[in-house]
Amino acid sequence: MKKIDLYKKIEAAKINIKAGNPLEANKIFQELLKTNNDSFDLLYEYGFFCVNFKNYNLAKEVFLTLIRKFPTSINSYILLAEILRMENKFNDAEKVLQKALKINPNHGDLLYNLALLYFTLRNFDNALNYIDKAIKLSRNNDIYQLLKSEIFINNYNIDEALPILEDLKNKNKVQKDNNKEIRIYILLANAYIRKREYEEAENILLKLIKKHKRLELAYLNLSILYRDKNQLSKSIEILKKGINLSPNFMPFYTNLACFYRNSGQLKLAIETNLFIISRNKFDFNSYYELSGIYDFKNHKNELNFLLSTKLENLNSSSKIYAAFAISNLLHKKGKFKESAKNLKIANDESLRHKKSDANLKIKNTEFYKSLKIKNLKNKYFKDSCKYIFIVGMPRSGSTLLENILSLNHEVTDMGEVSFLEESIKVIQDFDDVFDLYEKKVINQFKASIIYTDKYLFNYMYCPIISNFFPDAKIINCVRNPLDNILSIYKANFLNQPFSFSLHDISNLYLHYFETMEEYKTRYSSIIYDYNYEELIKNPNKTITELINWLNWDWDDKYLSPHENRRNVFTASSAQIRKKFYSSSIGIWKEYKELLEPAIEIIKTNKILGNKIS
């Protein structure tokens, strides 16, 4: 066939695609492929066609054929990697892009896609490295600049992102590109949310909604903003408005289900997740959410579908959520060996994509432990008495503790805010840490007599707290080490990659424990050990002793934390709605075979070894 005829027929296929006639377009492509399967243009357009209609397996075959026949065509590698990235096959995508990089190391879009891949993997250093190379080749490419600003925002380098976005905003006033304008303002709002400048972010998003009434992302981000401000009723309200305008936009329902759970509306959380599954039975995130709060007794078909799912056929993200969900449900049925098997599958898959940060946490702890700080007992002595720092390892009973303490009407529970860590990172002089911390508190929370800060890894900063918050209190959450380690391993902590490795959880636990033993000697007057097992066995005695240590007046309400109706944003948000229960105490024994690596590490400490004998 002559080239001119070939191009005419390709164009005819494209016209049919635009007109909503994919079957007709496919007929044209199939006819052309019989006699023109060496045409780059034909294969390329057919690959695009397959992607647009979500036939990803066929699209991959087409792009692999293009790479084999035209090995120097970089765009074929990019498109193949893009499909692999969408399927969460990140290692395969990286190999494809790195192979292309050897062919052409100065291809801007290739460098951009490598940056995008590493950004997706939250490897911000690599992402920044590649996007800078792309920008060097094409300084005026706004898409590259937008990705760079997004990398900065997600890595909390907000002050680096804002000038880029302001420049793009001013530039777009001349260009007047509507889609670009939306993306710029969405990123600006995200930057201000991360900076906790909520009023600025809210104004941007409300203006976007006013101008683009059906802009789904603006409603979604506004709901997240209100969540961050602990205004879950407003979050839910804005999501319902979004649903009324775009009832088929499923991220609205995902957030809604989560916010219902956070606010203790478990029945609505269950109903919303079941609705999501009814629309997409492969939404394993919803199965995972349900596995913690529902037994599927009235939804046997959905339960059987989940339990019979072949995990090896799923993409990485779905495999992780499905395996965690199956593990949770098997645990409830007392099938602990099968639960352990799925738990390992889920965590091993997670660890493939995220590098553990255990060594980084240990290194950070050692740095602050070795600091020589003058014992100033400075001007902040009286002001610091309002702060209670709840520290320890995740899943150590800290959410239940904060639930108890927040029953005091003088307490504002701040939850897991990283104010102290953020303040330490940006100050030049430790003398400034209290001022900056307090500004962050005032900016986000109402004035209060007492604040609880439940950022558990603040245990690393006990020397800072002791010297610059000298009248603050530290409550150290203690739990049986193997129950604690197992609970972390079961929790699917997306932002704590050490939690995917039993070896790393155990080493970090051991280091935390030995660090706090030292700090309890150094700073004994301000540190109190709160023991989860003791609380469950004898809540009256344990809670009374805690309240006495805090010098608070006694009230019987402290014995009923399950009646607290506050919003909770941690993995324990469903469990704390229940009365004290002991079913998780000693549960590690049912997973003893799985926990062998942890047992060997924990036994190296004599005190901990006695707790698991």
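Residues in region 567-611 that are at pLDDT below 80 and buried (at least 17 other Cβ atoms within 10 Å of the Cβ): Asn567, Val568, Phe569, Thr570, Ala571, Ser572, Ser573, Ala574, Ile576, Arg577.
With respect to being in contact with a strand residue (DSSP E or B) (Cβ under 9 Å, 6 or more places away or on another chain), surrounded by fewer than 23 Cβ atoms within 10 Å (Cβ to Cβ) and without any contact (Cβ under 8 Å) to a residue 60 or more places away in the chain, Val441 fits the description.
Give region 396-439 a look and list any residue that's within 28 Å of the chain's Cα centre (by Cα), assigned to a loop (DSSP other than H, G, I, E, B) and not hydroxyl-bearing (Ser, Thr, Tyr), or say none. Across region 396-439, the qualifying residues are Gly397, Met414, Gly415, Glu416, Val417, Ile427. Just so you know, in region 335-353 the residues that are at pLDDT below 95 and either touching a Phe, Trp or Tyr at 6+ places or on another chain (Cβ under 7 Å) or of a type in the set (Gly, Ala, Ser) (or both) include one that is nearest to Tyr512 (Cα to Cα), and it is Leu351. Which residues, taken from region 487-515, are of a type in the set (Gly, Ala, Ser) and part of a helix (DSSP H, G or I)? Those that are of a type in the set (Gly, Ala, Ser) and part of a helix (DSSP H, G or I): Ser487, Ser499, Ser506. Answer yes or no as to whether Ile547 is in a helix (DSSP H, G or I) and aliphatic (A, V, I, L, M). For Ile547, the condition - in a helix (DSSP H, G or I) and aliphatic (A, V, I, L, M) - is met.
Give the number of residues within region 1-60 that are aromatic (Phe, Trp, Tyr) and not in a helix (DSSP H, G or I).
1
So for region 458-481 (the condition being farther than 15 Å from Tyr519 by Cβ, modelled with pLDDT of 95 or more and assigned to a helix (DSSP H, G or I)), does at least one residue qualify? Checked region 458-481: at least one residue is farther than 15 Å from Tyr519 by Cβ, modelled with pLDDT of 95 or more and assigned to a helix (DSSP H, G or I).
Taking interchain pairs and intrachain pairs at least six residues apart, which have beta carbon atoms under 9 angstrom, with the first residue in region 1-16 and among the hydroxyl-bearing types (Ser, Thr, Tyr) and surrounded by fewer than 16 Cβ atoms within 10 Å (Cβ to Cβ) and the second at pLDDT 85 or above and assigned to a helix (DSSP H, G or I)? Here the result reads Tyr7/Asp41, each pair linking region 1-16 to a residue that is at pLDDT 85 or above and assigned to a helix (DSSP H, G or I). Considering only residues in region 504-554 that are of a type in the set (Asp, Glu) and touching a helix residue (DSSP H, G or I) at 6+ places or on another chain (Cβ under 6 Å), the one that is nearest to Pro394 (Cα to Cα) turns out to be Asp504.
The set of residues from region 523-534 being in a helix (DSSP H, G or I) and without any contact (Cβ under 8 Å) to a residue 60 or more places away in the chain comprises Glu533, Glu534.
Screening region 532-562 for residues that are within 23 Å of Cys385 (Cβ to Cβ) and of a type in the set (A, V, I, L, M) and picking the one that is surrounded by the fewest Cβ atoms within 10 Å (Cβ to Cβ) gives Leu550. For region 302-357, name all the residues that are more than 16 Å from Tyr288 (Cβ to Cβ) and buried (at least 21 other Cβ atoms within 10 Å of the Cβ). Matches in region 302-357: Ala340 only. Counting just the residues of region 136-162 that are hydrophobic (A, V, I, L, M, F, W, C) and more than 20 Å from Glu82 (Cα to Cα), which one comes out surrounded by the fewest Cβ atoms within 10 Å (Cβ to Cβ)? Among residues in region 136-162 that are hydrophobic (A, V, I, L, M, F, W, C) and more than 20 Å from Glu82 (Cα to Cα), the one surrounded by the fewest Cβ atoms within 10 Å (Cβ to Cβ) is Leu137. Being of a type outside the set (A, V, I, L, M) and surrounded by fewer than 14 Cβ atoms within 10 Å (Cβ to Cβ) is a condition met by no residue of region 73-90. Scoring Leu101 on the criteria (1) modelled with pLDDT under 90; (2) surrounded by 15 or more Cβ atoms within 10 Å (Cβ to Cβ); (3) out of contact with any Phe, Trp or Tyr (no Cβ under 8 Å at 6 or more places or on another chain) leaves a single failure, condition (1).
The residue that is surrounded by the fewest Cβ atoms within 10 Å (Cβ to Cβ), among those in region 420-438 that are of a type in the set (A, V, I, L, M, F, W, C) and within 23 Å of Met516 (Cα to Cα), is Phe430.
Among the residues of region 229-250, those identified as touching a helix residue (DSSP H, G or I) at 6+ places or on another chain (Cβ under 6 Å) and outside any loop (DSSP other than H, G, I, E, B) are Leu232, Lys234, Ser235, Ile236, Ile238, Leu239, Gly242, Ile243.
Listed by first and then second residue, the pairs linking a residue in region 36-54 that is in the same structural domain as Ala25 (by TED's automatic domain parsing) to a residue that is part of a helix (DSSP H, G or I) and aromatic (Phe, Trp, Tyr), with Cβ atoms under 7 Å apart and 6 or more places separating them unless they lie on different chains, are Tyr46/Phe29; Gly47/Phe63; Phe49/Phe29.
The values are calculated or read from the model by the stated rules, or taken from the named source; none is laboratory data. In this text, all values refer to a predicted model and were calculated from it rather than measured experimentally. Ideal geometry is used to build each Cβ from the backbone, glycine not excepted, and the neighbour counts take in all protein chains shown.
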